[in-house]
Every structure is written in C-alpha cells, then in structure tokens.
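Notes follow once the structure below has been shown.
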Amino acid sequence: MSNGSLFATDQVTTQGRYQWHLWVADVLDLGTSVLVGWGALRALEQDRTPLSMPLAMALAWLTASAVGGLTGRTFWRQVAGVKLVRAEHTPGLLRGLARAFTTPLDLLLNAVLMRRPLDTLLGLHAEPVVSGAGPRLKGVALQLPWLAVLAGAVWLLVTPTKAEMLQYLGRTLTGWHCCHGTREMTWQCRTSLDRAVRNARSGDAEVKALVADCPVARARLGP
C-alpha cells in the first residue's frame with residue numbers, strides 16, 4: 001500500500017479547512033444584521049411589530065449578503081481570516097442574494113454534515129485572506145464601515161426613542177423623579193433627558209411641552 005493511499009483520508013481540502021472560519025463569520029454576520037435591522041427600526045421611530053421586526057432584519061441581512069457577494073468579504077469574514085469565492089472570483093450579486101436564503105439552513109447542515117452542501121451547490125467556498133498581520137489589519141480597516149454600522153445599531157438599541165422618552169419622563173414615577181432630580185441619575189434617566197433636550201432644541205412641540213414640566217431638562221435646555 002502506497003503512502004499516498006494510506007494517508008489519503010488525512011488530506012483536507014482548502015474548503016474543508018476554512019469552513020468553520022466561514023461558519024463563525026456567517027453566524028456573526030447574521031447576528032449583526034439582526035441588530036442593524038432592529039436599530040434601523042428605532043432610528044425611524046417605528047414600533048416593533050411581528051411584521052416590521054422580521055422585515056427590517058431581513059432587509060439588513062439581504063443588504064449584507066449583497067455586499068458580501070459583490071466583494072467576497074464582510075467585516076466578520078475579514079476578522080475570521082477568510083473570503084468567499086467562486087472559482088477564484090467574487091461570488092457576484094446574484095449568488096450573494098441567493099446565499100442570503102441558503103446560509104441559515106447551511107449553518108445548521110454544516111454542524112450536522114461537517115460540510116456546506118448549499119454553498120457547494122452555488123459553487124462557493126471559503127479561502128484564506130492574505131496571511132500576515134499587516135495585510136489582515138489593512139483588510140479589517142477596509143471593512144470599518146461595517147463596524148460603524150454595527151456600533152451605530154448598538155447605540156440606537158441602548159438609547160431611548162422619542163416614544164420611549166415621552167413615556168418614561170411623562171408617564172412614570174421614576175421619570176418624574178428623573179425630571180425633578182430627586183433620585184440618583186441612572187442611564188435611562190440621563191439618556192432620556194438628553195433626548196428630550198435634543199428634540200426640544202429641534203423645535204418638536206410635543207417634547208417642548210414635556211420639557212416645560214421637567215425642571216432638570218428645562219435647566220439643561222437653557223433660556
């Protein structure tokens with residue numbers, strides 16, 4: 001028996017070697033899209049409904065998949081050290097969009113089958129990015145817009161919307177204490193006051209009426 005046949009099962013393809021790098025990147029990309037979609041709803045001051053939430057998240061995921069198809073890269077793929085290719089080229093827009101629908105199932109199949117049959121069907125696989133800390137960091141720098149979008153989404157999730165601010169300051173006991181400075185200032189209190197002052201300065205009549213009855217916000221707003 002030759003050495004080649006003896007150790008044939010030990011040989012791992014490039015696709016197999018980096019499939020888990022891509023798996024981690026896809027999970028993080030999917031999670032990022034969920035956060036971005038939710039953050040976009042809050043930025044637009046839209047109520048969360050059983051329809052609007054999935055729709056916003058799906059649109060964010062489709063956008064991320066389209067860009068990932070055009071470039072072969074996303075922020076998390078770059079961090080994981082891989083890119084998505086088709087015959088040494090970027091996947092393209094259509095395959096990127098198609099992958100938006102196949103990836104969630106492929107993530108599950110990968111965990112069970114130890115391979116990605118739907119990516120294979122699309123002719124896609126992961127390849128390593130250029131090795132070395134310098135090229136890796138340069139590649140991450142090119143993906144900073146993704147990081148900025150993620151940071152913005154997180155900020156929108158932890159700061160109150162206009163409706164939440166009005167509800168908290170105008171209709172709750174803790175909000176009353178916040179407005180009158182009778183208790184220790186919490187994150188919710190501080191961010192709600194900041195939002196009230198910003199909206200009042202922009203001329204929002206509803207918020208200006210609230211600020212008129214909120215001494216702390218009125219003092220921050222000034223004359």
Could you check, for segment 131-143, whether at least one of its residues is in contact with a Leu (Cβ under 8 Å, 6 or more places away or on another chain) and surrounded by 14 or more Cβ atoms within 10 Å (Cβ to Cβ)? no
Qualifying residues in segment 157-192 (those that are touching a residue at least 60 places away in the same chain (Cβ under 8 Å) and not β-branched (Val, Ile, Thr)) - the one surrounded by the most Cβ atoms within 10 Å (Cβ to Cβ): LYS162
If PHE7 meets every condition in (1) at pLDDT below 95; (2) under 30 Å from VAL112 (Cα atoms); (3) under 23 Å from the mean Cα position of the chain (by Cα) apart from one, which number is that one? (3)
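Take segment 81-94 and flag every residue that is surrounded by fewer than 22 Cβ atoms within 10 Å (Cβ to Cβ) and of a type outside the set (Asp, Glu). Quick ask: steps written out before the conclusion?
Going residue by residue through segment 81-94, those that are surrounded by fewer than 22 Cβ atoms within 10 Å (Cβ to Cβ) are 81, 85-90, 92-94.
Matches in segment 81-94: GLY81, VAL85, ARG86, ALA87, HIS89, THR90, GLY92, LEU93, LEU94.
The values are calculated or read from the model by the stated rules, or taken from the named source; none is laboratory data. Because the structure is a prediction, the values reported are computed rather than measured. Quick reminder, even Gly has a Cβ in these numbers, built from the backbone with ideal geometry, and neighbours come from all protein chains shown.
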